[in-house]
Structures are given as C-alpha cells and as structure tokens.
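Taking it in order: structure first as structure tokens, then the write-up.
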Amino acid sequence: MTRKVCVVLTNRASYGRVKSLLTAIETHPDLILQLVLGASLVLERFGKAAEVIKADGFEACRTLSYMLEGNSLSVQAKSTGLGVVE
C-alpha cells in the first residue's frame with residue numbers, strides 16, 4: 001500500500017534539518033513525497049533557497065507565496081492569514 005507524505009518547508013534552516021528525511025521518503029518504495037515550499041524559501045531576497053532544494057533533486061508539488069513586506073506584528077499576522085488561505 002502506497003502512502004503520501006506531505007512535507008511543508010518554509011525556511012532554509014528547516015530544510016537542512018529534514019533533508020535526510022526527504023531522501024528517505026523518496027527512496028522508500030511505499031511512500032510518495034509531496035513537497036510544499038513557502039515563506040522565505042520562495043523569495044529571491046532570501047537567497048533563492050527553493051533553487052537549492054531543486055538542485056538537490058527534490059521537486060515541489062506546490063509553491064505558496066504569502067509573505068508580506070514588513071516586520072510588524074500585524075504584517076506577520078496578515079502573512080499567516082494568507083498562508084492559511086493558500
């Protein structure tokens with residue numbers, strides 16, 4: 001029985017922590033990796049980390065752009081709301 005495992009990544013640090021897990025999921029014969037990228041991973045100003053993930057051989061099934069510019073609590077709350085809507 002094949003099972004799908006969805007992993008949501010939002011920053012470069014979390015990718016570094018779960019990279020070996022992603023590899024294990026992809027190589028397991030009974031698992032299908034569904035990779036979702038969002039937040040700073042998909043923003044150019046944070047170093048295009050999504051391209052690093054792709055270069056490592058992982059393909060995102062969905063990319064979510066929901067971060068607004070700014071550091072205030074209200075901007076963070078709005079970004080979170082947009083992420084939930086996506």
Which residues in region 30-66 have a backbone N closer than 19 Å to a point placed 7 Å from the Cα of residue 17 along the Cα-to-Cβ line?
35-42, 49-50, 53
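Add -39500 (n - 2.57) for each DSSP H run of 4 or more in the chain, then divide by its residues: what number comes out at 222 nm, to the nearest 500 deg cm²/dmol? Walk me through the numbers before you get to the answer.
On the way: 3 runs with 36 residues, N = 86.
Computed mean residue ellipticity for the chain: -13000 deg cm²/dmol.
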Give me the percent of the accessible area of the chain that comes from carbon and sulfur atoms, probe 1.4 Å, all protein chains in place.
55 percent
Using only alpha carbon pairs under 8 Å that are at least six residues apart, calculate the relative contact order of region 1-67 and give it in whole percent.
35 percent
Calculate, in nm to one decimal, what residue 63 and residue 24 gain on full extension: separation in residues at 0.36 nm each, minus their alpha carbon distance.
11.9 nm
Principal-axis tilt of helix 12-27 within the chain, Cα atoms, nearest 10 degrees
20 degrees
Subtracting the Cα-Cα distance from 0.36 nm times the residue separation, let me have the gained length for residue 2 to residue 56 in nm, one decimal.
17.1 nm
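The values are calculated or read from the model by the stated rules, or taken from the named source; none is laboratory data. In this text the structure is predicted, and so the values were computed from the model without any measurement. Every residue, glycine among them, receives a Cβ derived from its backbone with ideal geometry; neighbour counts consider all protein chains shown. When the accessible area is computed, the model is the full protein with side chains, heavy atoms only, and any ligands, DNA or RNA have been set aside. Shrake-Rupley method; radii C 1.70, N 1.55, O 1.52, S 1.80 Å.
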